[in-house]
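Q: First the structure, which I've put down as structure tokens, then a few questions once you've had a look.
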Amino acid sequence: MTLVEAYTPGHVRAASGGETRLLRFSHGPDDWYTGTAKRALELWRELEREARAELFVPSGVAWFFEDSEGWALESARSLAEEGLETELLAPEEAGRLFPSFDPTGLRSVLFEPGAGVLRARKATRVLAEHAVARGTRVVQGRATPAGGAVALDGETLEADRVVWACGAWLAQLFPELVQLTVTRQEVFFFGAPPAWQAPAVPAWIDFDAGIYGVGDVDGRGFKASPDEHGPPLDPDADDRVVSAETEQVAREYLGRRFPALANAPLVGSRACPYSLTPDQNFVIAPHPEHESIWLLGGGSGHGFKHGPALAEYVERLLKKDEEPDPRFSLEDRKPRGGLRTRN
Ligand SMILES: Cc1cc2nc3c(=O)[nH]c(=O)nc-3n(C[C@H](O)[C@H](O)[C@H](O)COP(=O)(O)OP(=O)(O)OC[C@H]3O[C@@H](n4cnc5c(N)ncnc54)[C@H](O)[C@@H]3O)c2cc1C
């Protein structure tokens, strides 16, 4: 197997190059993603054991709802069917999860104790090293489609199967086939006392307010990231400097929900690409003209956690053990939110 990478696995311009990514099971009524997240966690754990690396932080994830209780109840049902634990809490009860918490405006809190956070950049690098140890060849270079083959630095690579899993770059490689919008998303890390460290402090998602965050992992700071879709981002050319406006949104929320952090200093920030499909379902589809070529992407701000389970799924598709699910096809899609937050 050959893995072609334009930069280096886990580089900071890739979506997978962020410090942390949530692994949560709740997806409202959508059972497919719940099952896939569950399988993915088993596989991440397997990678941890085989590579002797700590990749998953078992912090749990707390969801805050202002009025989307239907989504919360559907998630709780879906998780129960998968044998996954949930706790539906009254907003005041959620105060036990955080060193300082103001439940004003919330109607319910759904806690997933078995969920948590992946050290994404580290996991990506470990995965690539593990693949190399098992015989994968990693080639640095920028690949371009050449009919049913791959052009790379003046050479042509031939393969029985080619999977273009190119994150935000998929949109430039196949502009006529994929409907992807690449947006700039900003992430902020605030300096917080040790009491705010994960795994003691859970990750959190305010579904209705459209903002999420993570307790302090590895001393990086308490993370808060507004989930509203940002302006277009060129993943190669654009600076990754964050805006004062989005920082203010994160600060305002922190002060409101976690009052002890109201004046926490900003200790880090990042800007990163979402690759959004119109309905937030991924792209997992064969090329319409070349049966041996597959397109994989459209992570839509929730793809990282599923990675290893998606790899298993794609393997079944490549072996024709399973038919591709039409929801991931290249057909036109109706705009829809709700697979991440209300956005
Ligand atoms: C701010 C932010 C927060 C997020 N939060 C979460 C979360 O909490 N949980 C979650 O599950 N997901 C989350 N996501 C989404 C998740 O990060 C992505 O869905 C996932 O990382 C995408 O992985 P990928 O491999 O498709 O793309 P990428 O990680 O971007 O990797 C694509 C790789 O392909 C390489 N490449 C591209 N084109 C070429 C080419 N032509 N030749 C060679 N190499 C090429 C690139 O260099 C890159 O390394 C978040 C995303 C962002 C931006």
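The values are calculated or read from the model by the stated rules, or taken from the named source; none is laboratory data. What you see is a predicted model, and the numbers here were worked out from it, not measured in a lab. Counting neighbours? That spans all protein chains shown, and the Cβs are built from the backbone with ideal geometry, glycine included. Remember, those area values only see protein heavy atoms, side chains included, never the ligands or the DNA or RNA. Shrake-Rupley method; radii C 1.70, N 1.55, O 1.52, S 1.80 Å.
Q: Taking the criterion of being more than 13 Å from residue 4 (Cβ to Cβ), within 11 Å of the ligand (Cβ to nearest atom) and among the hydrophobic types (A, V, I, L, M, F, W, C), would at least one residue in segment 154-168 satisfy it?
A: Looking for residues that are more than 13 Å from residue 4 (Cβ to Cβ), within 11 Å of the ligand (Cβ to nearest atom) and among the hydrophobic types (A, V, I, L, M, F, W, C), one finds at least one in segment 154-168, hence yes.
Q: How about segment 183-226: which of its residues are part of a helix (DSSP H, G or I) and surrounded by fewer than 21 Cβ atoms within 10 Å (Cβ to Cβ)?
A: 194, 195
Q: Do you know which residues across segment 309-343 are part of a helix (DSSP H, G or I) and either more than 23 Å from residue 162 (Cβ to Cβ) or open to solvent by 30 Å² or more (accessible area, probe 1.4 Å) (or both)?
A: Across segment 309-343, the qualifying residues are 311, 312, 315, 316, 318, 326, 327.
Q: Looking only at segment 19-37, which residues are of a type in the set (S, T, N, Q) and within 10 Å of the ligand (Cβ to nearest atom)?
A: Listed by number, the list holds a single entry, 20.
Q: Looking for whichever is more than 16 Å from the ligand (Cβ to nearest atom), buried (at least 21 other Cβ atoms within 10 Å of the Cβ) and closer than 30 Å to residue 165 by Cα here; the options are 16, 78, 59. Which one fits?
A: That would be 78, the only listed residue that is more than 16 Å from the ligand (Cβ to nearest atom), buried (at least 21 other Cβ atoms within 10 Å of the Cβ) and closer than 30 Å to residue 165 by Cα.
Q: How about segment 112-129: which of its residues are open to solvent by less than 10 Å² (accessible area, probe 1.4 Å) and touching a helix residue (DSSP H, G or I) at 6+ places or on another chain (Cβ under 6 Å)?
A: Answer for segment 112-129, where residues must be open to solvent by less than 10 Å² (accessible area, probe 1.4 Å) and touching a helix residue (DSSP H, G or I) at 6+ places or on another chain (Cβ under 6 Å): just 120.
Q: Then there's this: So residue 69 ticks every box in (1) under 25 Å from residue 109 (Cβ atoms); (2) exposed (fewer than 15 other Cβ atoms within 10 Å of the Cβ); (3) modelled with pLDDT of 95 or more but one. Which box is left unticked?
A: (3)
Q: Check whether at least one residue in segment 158-170 is touching a strand residue (DSSP E or B) at 6+ places or on another chain (Cβ under 8 Å), in a helix (DSSP H, G or I) and open to solvent by 10 Å² or more (accessible area, probe 1.4 Å), and report yes or no.
A: So the first thing to find is which residues in segment 158-170 are touching a strand residue (DSSP E or B) at 6+ places or on another chain (Cβ under 8 Å), and the list is 158-159, 161-168, 170.
Imposing the further condition that a residue be in a helix (DSSP H, G or I) reduces the set to 167-168, 170.
Among the residues that remain, those that are also open to solvent by 10 Å² or more (accessible area, probe 1.4 Å) are: 167.
Yes.
Q: Does any residue of segment 131-143 turn out to be surrounded by 14 or more Cβ atoms within 10 Å (Cβ to Cβ), touching a strand residue (DSSP E or B) at 6+ places or on another chain (Cβ under 6 Å) and assigned to a helix (DSSP H, G or I)?
A: So far as segment 131-143 goes, no, none of its residues is surrounded by 14 or more Cβ atoms within 10 Å (Cβ to Cβ), touching a strand residue (DSSP E or B) at 6+ places or on another chain (Cβ under 6 Å) and assigned to a helix (DSSP H, G or I).
Q: While we're looking at this one, here's another question. As an exercise: evaluate residue 37 against (1) closer than 17 Å to residue 113 by Cβ; (2) outside any helix (DSSP H, G or I) and give the number of the one condition it does not meet.
A: Just one mismatch for residue 37, condition (2).
Q: Hey, another quick one. Within segment 108-161, work out how many residues are on the phi < 0 side of the Ramachandran plot, among the acidic types (Asp, Glu) and more than 27 Å from the chain's Cα centre (by Cα).
A: Number satisfying all stated conditions: 3.
Q: Now a separate question. Among (1) touching a residue at least 40 places away in the same chain (Cβ under 8 Å); (2) away from the ligand (no atom under 12 Å from the Cβ); (3) assigned to a loop (DSSP other than H, G, I, E, B), there is one condition residue 268 misses while meeting the rest; what is its number?
A: Only one criterion is unmet by residue 268, namely (3).
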